[in-house]
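A quick write-up on the structure given underneath.
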Protein chains: 2
Amino acid sequence: MKAHPRLSLNQATIKYATLEEALGVTAAAGIQSIGLWREPIAAVGLDDAVKLVGDSGLRVSSLCRGGFFTVPPGADRAAAIDDNRRAIEETAVLAAAGTAGSAAVLVLVAGGLPEESRDLPGARERVRDAIGELEADAASAGVTLAIEALHPMYAADRAVVSTLGQAIDIAEQFGPSVGVVADAFHVWWDPQLLEQIARAGQLGRIASYQVCDWITPLPADVLLARGMMGDGHIDFGPLTRAVEAAGYTGDIEVEIFNQAIWDMAFAPVAERTAHAFGEHVVPFLAPSLR
Amino acid sequence: MKAHPRLSLNQATIKYATLEEALGVTAAAGIQSIGLWREPIAAVGLDDAVKLVGDSGLRVSSLCRGGFFTVPPGADRAAAIDDNRRAIEETAVLAAAGTAGSAAVLVLVAGGLPEESRDLPGARERVRDAIGELEADAASAGVTLAIEALHPMYAADRAVVSTLGQAIDIAEQFGPSVGVVADAFHVWWDPQLLEQIARAGQLGRIASYQVCDWITPLPADVLLARGMMGDGHIDFGPLTRAVEAAGYTGDIEVEIFNQAIWDMAFAPVAERTAHAFGEHVVPFLAPSLR
């Protein structure tokens, strides 16, 4: 079985897999690329993780995740910045361990409002400031910091960066080592979506394109509201064409947080991912890259 | 007890009250204005509702709700347009029945994606087209059609109008009988919020300002995620100041969908509403109007 060459399986889609299992399942499904998470890497240690990734023959499309920048200045914030510096290093060595075409992209989730705070503009400024503190480290490591806009329903408790346009507004204040993630689940509803994707492309800032579907009714835990492409309401055609037209040529990750999918065996999930990607995304890729 | 004169209790906050109970509870709490819903009016019939409203001594701040415009052309759409025409008439007579300062404002909820459809731009166009069909009726009845942007988490299943800016984009294509609702719960997260409120003011399009809070964790049914002001994450200061600076001088509705609040007796809810409004909104009203 061969999956489309630009498909990357984000490890969150098979959350309960160890790194070794995730690499094996991905390769066995004919998927050439994987999006990694820090927790399963920490579970084996970075050195072993680098070896496992190198032996897998897979590309690395990103590392999830850094960020959580919104706490006020103090020890917690300093710890967050330090942790992001470690994440930058991890991103660099893991991308180097992957096969050719791996991307040294660290996905950043901004963080929500600090405890007891209602100062949303202040939290947003701290995100920008933190990226400013990390930009030089990222540039010297050859890593792209990829700001991910999360759906506005997470603005209070998870990510104060709520639209693609807002993510670009932050990224463009920095050099080329700061970019944005376009995640279909988070941005599909945005009336400005297509123009902001074009803008991100013109600025050379699209660091990652992620796909999964928006399903209804939303489950009780809205963090697990993501579905397989085709199971929900998102039209991947216009979005994918826009990302292609904007010049993005990298891997496209499928990242799904969904309890029913997590409860399945890993191999069928990888196979279903490859199939759904072929059906709902591949037809809209630019012909030269399809 | 005297509530602030600009407070209006939206009837949805005491959902299980009959019209007569809602009017009585509102007046007894010293609240001068009420936002009405069509269902409790239909339960007594429009003629009796007009008499009850007239006898109450209250202002009417709006009628909820029209809309649900996104079905494709055909019998269902024609029925939706007809129903909106009836809602326009109801809005006019109910506002006339209220005391001086009542507002003939019909709140419009756009409707979600039609069954099996993923055509979000198409659904959005149908909303605009439907408002075009209704504008003349509204103008001749002296009614303002108030387009309400709903939170993007409802884009698939309830309202394809997802931001205040998008609502204004629609409204400004029509005459002054089409406006927008600024509902704190739906728009608080928007990085463009303050500039869009100013824009709506410059265009003379703010038809209603509604407040309630965003609480976390979101309940299992996200339609019931609204909280009393002060119980959640919204900073009502900048938002209220912006609405005031934009020239809005009308009633400010408290509209809360929350099972725990619905399960309380009506009178304490009205009193708590008046208190929370005094604490979290009144301090930010323009001094001349406070």
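Values computed for the structure shown
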{"item": "Extension gain (nm, one decimal) between A:ALA75 and A:THR18, 0.36 nm per residue minus Cα-Cα", "result": "17.3 nm"}
{"item": "Three-way shape label, region B:144-217, alpha-carbon gyration tensor, a/c 1.5", "result": "prolate"}
{"item": "Alpha-carbon radius of gyration plus Dmax, which is the widest Cα pair, for region A:93-150 in Å", "result": "14.4, 46"}
{"item": "Cα-based shape type of region A:35-167, given that a ≥ b ≥ c are square roots of the gyration tensor eigenvalues and the cut on a/c is 1.5", "result": "prolate"}
{"item": "Net charge contributed by nearby residues that have their C-beta within less than 14 Å of B:LEU19 (K/R +1, D/E -1)", "result": "-4"}
{"item": "Cα centroid of region A:209-262 to Cα centroid of region A:66-120, whole Å", "result": "23"}
{"item": "Per-residue [θ]222 nm for chain A (sum of -39500 (n - 2.57) over DSSP H runs n ≥ 4, rounded to 500)", "result": "-13000 deg cm²/dmol"}
{"item": "Other-copy label distances relative to A:ASP47, 7 angstrom Cα-Cβ extension, nm", "result": "9.0"}
{"item": "7 Å along Cα→Cβ, label-point gaps from A:GLU89 to other copies, nm, shortest first", "result": "7.5"}
{"item": "At 7 Å out from Cα toward Cβ: A:GLU135 inter-copy label distances (nm, ascending)", "result": "4.5"}
{"item": "Span-rule helices in chain B, defined as complete DSSP H runs reaching 24 Å or more along the axis (Cα) with Kyte mean at least -0.5", "result": "B:75-97, B:120-141"}
{"item": "For q = 0.06, 0.10 Å⁻¹, Debye-computed log10 I/I(0) when each Cα of the protein assembly as shown counts as one equal scatterer", "result": "-0.33, -0.85"}
{"item": "Low-density loop cleavage sites - GluC sites (Glu not before Pro) in region A:64-152, where at most 12 other Cβ are within 10 Å (DSSP)", "result": "A:GLU115, A:GLU116"}
{"item": "Extension gain from A:ASP55 to A:ASP82, taking 0.36 nm per residue of separation minus the Cα-Cα distance", "result": "6.8 nm"}
{"item": "Stokes-Einstein D for region B:7-289, Kirkwood Rh over Cα pairs, 25 °C, 0.890 mPa s (µm²/s)", "result": "131"}
{"item": "Bridge type composition, region A:7-289 - antiparallel percent by DSSP, nearest 5", "result": "5"}
{"item": "Cβ-based net charge around A:THR99, under 12 Å, with every Lys or Arg adding one and every Asp or Glu removing one", "result": "-1"}
{"item": "Reach of A:LYS2 by Cα under 26 Å, taken over lysines that are not fewer than 8 positions away in the same chain", "result": "A:LYS15, A:LYS51"}
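Every number in this text was worked out from the coordinates using simple rules, so none of it is lab data. Remember, it's a predicted structure, so these values are computed and weren't measured experimentally. Counting neighbours? That spans all protein chains shown, and the Cβs are built from the backbone with ideal geometry, glycine included.
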